[in-house]
Each structure stands twice: as structure tokens, then as C-alpha cells.
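The values are calculated or read from the model by the stated rules, or taken from the named source; none is laboratory data. Note that the structure is a prediction, hence the values are computed from the model and not measured. We place every Cβ from the backbone using ideal geometry, glycine too, and count neighbours over all the protein chains shown.
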Amino acid sequence: MKKKIRLGFIGGGYNSLIGVLHKVSAYMHDRYEIVGGVFNSKYEDSIESARQIGINRERIYKDIDNMIASEKEIPTESRIEAVCILTPNNSHFEIAKKFLDNKYHIICEKPLTISLHEAKQLLSIKEKNNLVFAVTHTYSGYPMVRQMTKMISEGLIGNIQRVDAQYLQGWINPIIHEKKKRKSSWRLDPKISGISSCVADIGTHAFNMLELVSGLKVHKILADLNNLYKDNPLDIDANILVRMNNGAKGVIRSSQIATGEENNLRVNVYGDKGYLKWQQENPNKLYFLKENEPIKVLKPGHEYNYPISLNSSKLPPGHPEGIFDAMGNIYLGAAKAIRGDNFYDHEFPTIYEGVRGMDFIEKVIDSHNRGNVWLELEK
Ligand SMILES: NC(=O)c1ccc[n+]([C@@H]2O[C@H](COP(=O)([O-])OP(=O)(O)OC[C@H]3O[C@@H](n4cnc5c(N)ncnc54)[C@H](O)[C@@H]3O)[C@@H](O)[C@H]2O)c1
């Protein structure tokens, strides 16, 4: 058994949305041990976060600079080796840069930064220092997403001729219609969220999913966004036409005002020989359709799945696994990379996907602001 990776948490405190997913996922495959960090922006809250999960308060720091300086005093074999960054979007860059400069591996939430320029700077430091940098596009960790990716790359649906990805939520509905309530969410504050709310938060997941499963790149986009109110500075709904680099056309839709929708991420890829569709709210079924043939429903854990999919399930077929398991699989892939073990292609999303996500966000906002024009993404 290899030595566990000593992990520090930045953000993800007891009062956060996403912290619990990362805590459980980090422990799932026995590859990490959380030893300290800065869980919250306020020190007292950080101490409370640490207390709740039994972390020694001596390794809880007032801020990042303090953490980096104090960890240097600890013998290498006990020092934190990797950090996960789970703070709101505007702080990812500064935090990641400091840790990369000090040779820490990184697992960072999306969107990677609040600008493409910042994202590229992180990429260049990561490459210079030869570090592992995962970006947690959570849904890529599902066994049936991995199966879909492999089936498409093996040609089972033929040449891709149409794509359709959507990520629809309705959670912002109760706060968007009242000016006062709008201030209650950092996701609508450009200083924290960046230039986008909906596209940065969930449109990027749909974009990432589309490029992952299709094996293609989005070549061009044309975006039409909706902020709903003039004094709401950020998008909360987006319809984006896409052209892929093989010429296929399609659409990415994302919304936070799709009333009644919960977490409706779907990806549909249509080839000239068949069609595959996967839905996040029903993640253990992958639908495979062909003209004039009965529909096939593939499920996790069966021997007919490819190894990367099969090895992403921990239990025999019929024991549904969900989002915690998907994130656990991403943590496992990143752990293999950190320890220098072999890992599958696409076993965890990397900073390269994070940089592409930032290019997508910037081009989408630009396309809309310039009057819904076609713009090319970087290659
Ligand atoms: N992968 C996904 O599906 C997914 C889902 C939700 C959120 N996210 C991303 O995760 C990030 C956090 O989102 P959230 O919804 O958990 O936010 P949140 O507001 O619920 O929690 C943020 C946490 O970070 C802490 N924090 C803030 N600034 C800090 C700092 N400078 N240093 C240390 N701690 C700090 C806060 O105290 C809090 O504990 C965002 O970038 C978001 O886009 C990703």
C-alpha cells in the first residue's frame, strides 16, 4: 500500500456547499489523508470545520501565506503535498498560483479562474514545475460517462453528425425576481463569480462533457444569453449554438431559471450509425439507440463495459452509485498521477480542460455582447 497523499483543504468549510463532496471523495479509495489547511475565510470558522472532522487544529492556518510558511518548517515526510481549492471563483487563481510556486499538486474546483489569461498563467507554472493539476468536472467520473466516451472513440456510433448538451437548473428562481434577494448569492456578484453566472457555473460542465464524450473540440460558438433583469449584471440562462471541429453542429443550453429543474445535465451524441445519451439524474443508465433496432440500456459493473468504466464501480451491478462515487473516481485518478502510477486516459479532468472552459466562458460572453456573433475557440 502506497503512503497516503497528505492533503490540505482550502475552502470547503462546514458551511459550504461543495466541501462535503470533496471530503468524502478524498477518503473513498484510501489514497488521501486530510491533514490541515484553511477551510474558511474566517479563522474561527476554519477551526470549527476542522473540529467537526477531527483534524488537528495545529495544522489549521490563518491564511495561505501562513500555511505555506509553516508547512515548510515541517519535515518533508509529514508536509502537505497537495491541496484542493474549493473557494469561490475569484480566489482560485491567487491561491493556486501560490501553491504551484511552492510545488504543491492541485485539485481545483471549476471554473478554473475568472479569466483565460489567469488560467494560462497557472498552466505554464504547472508545466514548469511538473505538477499534477486536476479540475473537478465531477460528472466525468461516472462509470457510464466513461463507457460512453470509450464507445464513441471506438466508432460504435460512427461519424458524429449532431451534438446536444444541456444543463438545466431552476434554483435561482426564488431569488432572482427580488432585487434585495439577488444580493444574497455570490454567484450573481461579478467581483466573486467573474464575468458569468450560469455559463461559468454549469454551462462549463456541459461544454466539458460534450468535448469529453465526443472526443471532438468545439470549434465555434454563437451565444444568446438572458440576464432577465437590466440591473442583474450576469447571465442566468444561455442558449449556445456550436460547431464542432469535424463540422458537426449542435447546441449547448444551460439555465438557472428553468423552473422546476433540479440538476438536469444531459449529453446526447448522434452518429451516422447510432446515438448515445446519458443523463445525470439517471446516471447508471446509458442509452444506445440505432435505427430499426430495439433500444439498449447499458449499466455499470457488467463485464461488457470497458475497463475504465468497470473499474469506476466498486460494487456488483444493481448497487447504484452516484455523485460521491463519481468525484471519488476523479480523486483516485489524480492520486495515481501524483504517485506516478499508471492511469487511464481521461481518468481525471486536468488543467487543460480548465483552460478550455475559461476560453469557452469568455467567448460565450463576448459573442453575446457583440450581438450574437460566431466566435472561434482557441485550438
Ligand atoms: N464541481 C461541481 O459540480 C461544483 C458544485 C458546486 C460548486 N462548485 C465550485 O466550488 C467552488 C465553491 O463553491 P461553493 O458552492 O462550495 O461555495 P460556498 O460559498 O458554499 O463555500 C465557499 C467556502 O470557501 C470558504 N472560503 C471563502 N474564501 C476563502 C479563502 N480565501 N480561503 C479559505 N476559505 C475560503 C468559505 O468560508 C466557505 O467555506 C466554486 O468555485 C464553485 O463553482 C463546483
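Taken together, the residues in the range 329-379 that are part of a helix (DSSP H, G or I) and of a type in the set (D, E, K, R) amount to 8. Among all positions in the range 147-165, there is no residue which is in contact (Cβ under 8 Å) with a residue 24 or more places away in the chain, within 14 Å of the ligand (Cβ to nearest atom) and either surrounded by fewer than 22 Cβ atoms within 10 Å (Cβ to Cβ) or under 22 Å from the mean Cα position of the chain (by Cα) (or both). Does any residue of the range 277-293 turn out to be of a type in the set (A, V, I, L, M, F, W, C), within 30 Å of I176 (Cβ to Cβ) and either in contact (Cβ under 8 Å) with a residue 12 or more places away in the chain or out of contact with any Ser or Thr (no Cβ under 7 Å at 6 or more places or on another chain) (or both)? Within the range 277-293 (the criterion being of a type in the set (A, V, I, L, M, F, W, C), within 30 Å of I176 (Cβ to Cβ) and either in contact (Cβ under 8 Å) with a residue 12 or more places away in the chain or out of contact with any Ser or Thr (no Cβ under 7 Å at 6 or more places or on another chain) (or both)), the answer is yes, since at least one residue qualifies.
Counting only residues that are in a helix (DSSP H, G or I), among the aliphatic types (A, V, I, L, M) and farther than 30 Å from E321 by Cβ, how many does the range 28-55 have?
The number of residues fulfilling the criteria is 1.
Across the range 97-108, a minimum of one residue is classified as modelled with pLDDT of 95 or more and within 9 Å of the ligand (Cβ to nearest atom). Going by the conditions given, is N102 over 25 Å from K191 (Cα atoms) and out of contact with any Cys (no Cβ under 8 Å at 6 or more places or on another chain)? Yes, satisfied. With respect to the numbered conditions (1) part of a strand (DSSP E or B); (2) surrounded by fewer than 20 Cβ atoms within 10 Å (Cβ to Cβ), which one is the sole condition not fulfilled by I175? Going through (1) part of a strand (DSSP E or B); (2) surrounded by fewer than 20 Cβ atoms within 10 Å (Cβ to Cβ) one by one, I175 breaks only (1). Among residues of the range 200-212 that are more than 12 Å from the ligand (Cβ to nearest atom), those with a Cβ under 9 angstrom from a residue that is of a type in the set (D, E, K, R) and part of a helix (DSSP H, G or I), sequence gap 6+ or separate chain, pair up as F207/R356; E211/E353; E211/R356; L212/E353. Here is a check on your reading of the model: is V297 of a type in the set (V, I, T), buried (at least 19 other Cβ atoms within 10 Å of the Cβ) and touching a strand residue (DSSP E or B) at 6+ places or on another chain (Cβ under 9 Å)? Considered against the rule, which asks whether it is of a type in the set (V, I, T), buried (at least 19 other Cβ atoms within 10 Å of the Cβ) and touching a strand residue (DSSP E or B) at 6+ places or on another chain (Cβ under 9 Å), V297 comes out as no.
When the range 1-22 is limited to residues that are surrounded by 15 or more Cβ atoms within 10 Å (Cβ to Cβ) and more than 16 Å from the ligand (Cβ to nearest atom), the one that is farthest from C108 (Cα to Cα) turns out to be K4.
For (1) crowded, with 22+ Cβ neighbours inside 10 Å; (2) β-branched (V, I, T); (3) under 20 Å from the mean Cα position of the chain (by Cα); (4) outside any loop (DSSP other than H, G, I, E, B), each residue gets a yes or a no:
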position: N208; (1), (2), (3), (4): yes, no, yes, yes
position: L212; (1), (2), (3), (4): no, no, yes, yes
position: A223; (1), (2), (3), (4): yes, no, no, yes
position: Y229; (1), (2), (3), (4): no, no, no, no
position: P233; (1), (2), (3), (4): no, no, no, no
position: I240; (1), (2), (3), (4): yes, yes, yes, yes
position: R243; (1), (2), (3), (4): no, no, no, yes
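Within the range 327-347, if we keep just the residues that are hydrophobic (A, V, I, L, M, F, W, C) and touching a residue at least 40 places away in the same chain (Cβ under 8 Å), the residue that is surrounded by the fewest Cβ atoms within 10 Å (Cβ to Cβ) turns out to be A337. Inspect the range 248-266 for any residue being more than 21 Å from the chain's Cα centre (by Cα), surrounded by fewer than 18 Cβ atoms within 10 Å (Cβ to Cβ) and within 20 Å of R356 (Cβ to Cβ) and give the result as yes or no. Among the residues of the range 248-266, at least one is more than 21 Å from the chain's Cα centre (by Cα), surrounded by fewer than 18 Cβ atoms within 10 Å (Cβ to Cβ) and within 20 Å of R356 (Cβ to Cβ), which makes the answer yes. Report, by residue number, each residue of the range 23-48 that is within 11 Å of the ligand (Cβ to nearest atom), at negative phi and buried (at least 24 other Cβ atoms within 10 Å of the Cβ). Once the filter is applied, which keeps residues that are within 11 Å of the ligand (Cβ to nearest atom), at negative phi and buried (at least 24 other Cβ atoms within 10 Å of the Cβ), the range 23-48 yields S25, V38, F39, N40, S46. Of all the criteria given as (1) of a type in the set (G, A, S); (2) surrounded by fewer than 20 Cβ atoms within 10 Å (Cβ to Cβ); (3) within 16 Å of the chain's Cα centre (by Cα), the one not satisfied by S124 is (3). Looking at the structure I just gave you, is K62 more than 30 Å from Y139 (Cβ to Cβ) and either at pLDDT 95 or above or within 14 Å of the ligand (Cβ to nearest atom) (or both)? So K62 fits the description; yes.
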